[in-house]
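*Asks:* Sharing a structure below in structure tokens format, with a few things to ask.
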Amino acid sequence: MLVGVDFGRDPDFDDSLDELALLASTAGDEAVARVIARRKAPDAALFIGSGKADEIKALVLGHEAEAVLFDQALSPVQQRNLEVHLGVPVSDRTGLILEIFAQRARSHEGKLQVELAQLQYLATRLVRRWSHLERQRGGIGTRGGPGERQMELDRRMIEQRIKQLKIKLHKVERQRDTQRRARARGGSLRVSLVGYTNAGKSTLFNALTKAGSYAADQLFATLDTTTRGMYLGEGVPQLVLSDTVGFIRDLPHKLVDAFKATLQEASEAQLLLHVIDANSPKLHEQWAEVERVLEEIGVDETPQVVVFNKIDALPAHQQPRSALDWVERPNGTRVARVFVSAHSGEGLANLRQLLARAALDEPLIPDVPPPSAQPDLFAPPH
């Protein structure tokens, strides 16, 4: 069962819960019902209040739901109280995203990053949720004073493992730094694909480089950074293209921290290809969220090309007026805008042309008239 709570403060509140349903599906769950609650503030004990909790409990029983997923972050106490009240496991958006990341991680680095994020999340949730967290007795046989709580043992083991993982990830970061410096010495332009999850970054990456990376119509289909050289023609320097993990609304800070080594590819890039799903009904919200994350990791001033993907899925009346033009980002800078379909190949020649200009250190803003005064369906959010 999916539950969203509208506190009236979030203009991007998803009252359809479509994204949460897609997250649940990606994790292997099936949504049997959706509930929207409206409150002025979260309830300290049950987040949604006892009355709404009783209503959800009845729905859980009626639909025979096996779990309840909240679209907002729950405190450890709220999660524990809700599980006791509802009688089924309860997870929040952060826990669900972590579960998906755990399923998707393939490389050694990715698995380390996911484990670190999961342990940091779990460390805050050792609040007597399990019956084995009872006080034990120390000493030999029946002698000796009271031992420490199993909960404290668990916390200590988690803290030790977190330290070990941070040391290992620090080594990974150093290795990546060495690889980046080697590429920089080679003089190749470093380009990174960024964008909202499921915008088609990996499909576009494969279309441009023939890399054969895993791509699927699902959230977080790939987590591991893939880097390939890209040939753009005679007389054009080769560039290095990297595919990075997708962003999502309310991306947990634990994940941003844990995936620092992966996101470092974007921070070291000399050009960002911001891939946007042109067919998404949440296009502007997703654009704004990616801009927010780019600012958070300190790359909002890096030169960009805005790539609207999946134009083959647009109906005729929504097709762009021009396949290549420029647009003004929310921060006021002008960037080239290109419309493509990574699936059909439409528009990729224009994108390759822009990348070739970047590799030759030529201006990227195309020599075309400014966007017309007519309403632009693909204008940036403000």
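The values are calculated or read from the model by the stated rules, or taken from the named source; none is laboratory data. Note that this is a predicted model, so its numbers are computed, not measured. So basically every Cβ, Gly included, is an ideal-geometry build from the backbone, and we count neighbours across all protein chains shown.
*Asks:* Mind listing whichever residues of segment 19-34 are under 16 Å from the mean Cα position of the chain (by Cα) and of a type in the set (D, E, K, R)? Give the derivation first.
*Replies:* Taking segment 19-34 first, the residues under 16 Å from the mean Cα position of the chain (by Cα) are 19-27.
Answer for segment 19-34, where residues must be under 16 Å from the mean Cα position of the chain (by Cα) and of a type in the set (D, E, K, R): just GLU19.
*Asks:* When LYS111 is evaluated against the numbered criteria (1) modelled with pLDDT under 80; (2) more than 29 Å from LEU46 (Cβ to Cβ), which criterion, by number, is the only one it fails?
*Replies:* Here LYS111 clears every test but (1).
*Asks:* Which ones in segment 318-347 are in contact (Cβ under 8 Å) with a residue 60 or more places away in the chain and either over 25 Å from the mean Cα position of the chain (by Cα) or in a loop (DSSP other than H, G, I, E, B) (or both)?
*Replies:* Across segment 318-347, the qualifying residues are VAL340, ALA342, HIS343, GLY345.
*Asks:* Moving on to the next point. For segment 99-108, give me each residue that is of a type outside the set (A, V, I, L, M, F, W, C) and in a helix (DSSP H, G or I). Steps first, please.
*Replies:* Applying the first criterion (of a type outside the set (A, V, I, L, M, F, W, C)) to segment 99-108 yields 99, 103-104, 106-108.
If the condition is that a residue be of a type outside the set (A, V, I, L, M, F, W, C) and in a helix (DSSP H, G or I), then GLU99, GLN103, ARG104, HIS108 are the ones that fit.
*Asks:* Given the conditions (1) in contact with a strand residue (DSSP E or B) (Cβ under 7 Å, 6 or more places away or on another chain); (2) of a type in the set (Gly, Ala, Ser); (3) closer than 20 Å to SER50 by Cβ, which single one is not true for ALA65?
*Replies:* For ALA65, the failing item is (1).
*Asks:* Residue by residue through segment 54-110, note down the ones that are surrounded by 18 or more Cβ atoms within 10 Å (Cβ to Cβ) and in contact with a Ser or Thr (Cβ under 6 Å, 6 or more places away or on another chain).
*Replies:* Selection gives LEU69, ILE100.
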